[in-house]
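Colleague: Quick one: the structure is below, questions incoming.
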Amino acid sequence: MKVSARNVFEGRIQALVPGPVNTEVTLELPGGDALVAVITQASARDLGLAVGGQAMAIVKAPWVIVAAGDGGPRFSSRNQLRGVVSAVRSGPINADVAIQLPGGATVHAVITQEAAAELGLAPGVPARAVIKASHVVLAVQG
């Protein structure tokens, strides 16, 4: 499967929490990092999701918010993946920021050049990738 999203993470389904409309899915990434998705119950059923099963999480880079440093503001987003900036690729308007997570996965974010400069983003700077659970799209093979 090929997709245009920069962030595609394969992992094992660690937890499923069904609600009246949606299901919260926790995906354990290789290396131990976790990513939470909120999808409809119908989607969870159609995908055949089960604890212990495999799934892919897909997140477009513009949907990733970057927070610099180890602390800072608190967000309501379920996914606040702490890591270190591994690369910043600058363009005329936007920057592609790569954040290496402790477990080995890399999260890409596309933010404005202005924001990258204001946050002081550069390789080695601690950062968080903040991703709303509703912005995580799940897929399965087959």
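Since every read-out is calculated from the coordinates, none of them should be taken as a lab result. None of these values were measured; they are calculated from a predicted model. Virtual Cβ from ideal backbone geometry, glycine too; neighbours counted across all protein chains shown.
Colleague: When the chain is treated as a GNM, springs tying every alpha-carbon pair under 10 Å, which of Ala67, Ala117, Ala44 comes out with the largest mean-square fluctuation?
Modeller: Maximum fluctuation in the GNM of the chain, among the listed residues, is at Ala117.
Colleague: Determine the sum of side-chain charges near Gln80: Lys and Arg each +1, Asp and Glu each -1, restricted to other residues whose C-beta is under 14 angstrom from that of Gln80.
Modeller: +3
Colleague: Could you please report the charge total around Val110, scoring K, R as +1 and D, E as -1 over all other residues with beta-carbon less than 12 angstrom from its beta-carbon? Write out the running numbers ahead of the final one.
Modeller: Working: positive: Arg6, Lys60, Arg89; negative: Asp96.
Charge balance in the 12 Å sphere: +2.
Colleague: Separation of the stretch 1-49 and the stretch 56-81 by C-alpha centroid, Å?
Modeller: Spelled out, the Cα-based centre of one part sits 16 Å from the other.
Colleague: Give the dimensionless ratio obtained when the Cα radius of gyration of the stretch 61-130 is divided by 2.2 N^0.38 Å.
Modeller: Normalised Cα radius of gyration, the stretch 61-130: 0.98.
Colleague: So what is the calculated 222 nm ellipticity per residue for the chain, using -39500 (n - 2.57) for each DSSP H run with n of 4 or more, over all residues, to the nearest 500 deg cm²/dmol?
Modeller: Rounded to the nearest 500, it is -2500 deg cm²/dmol.
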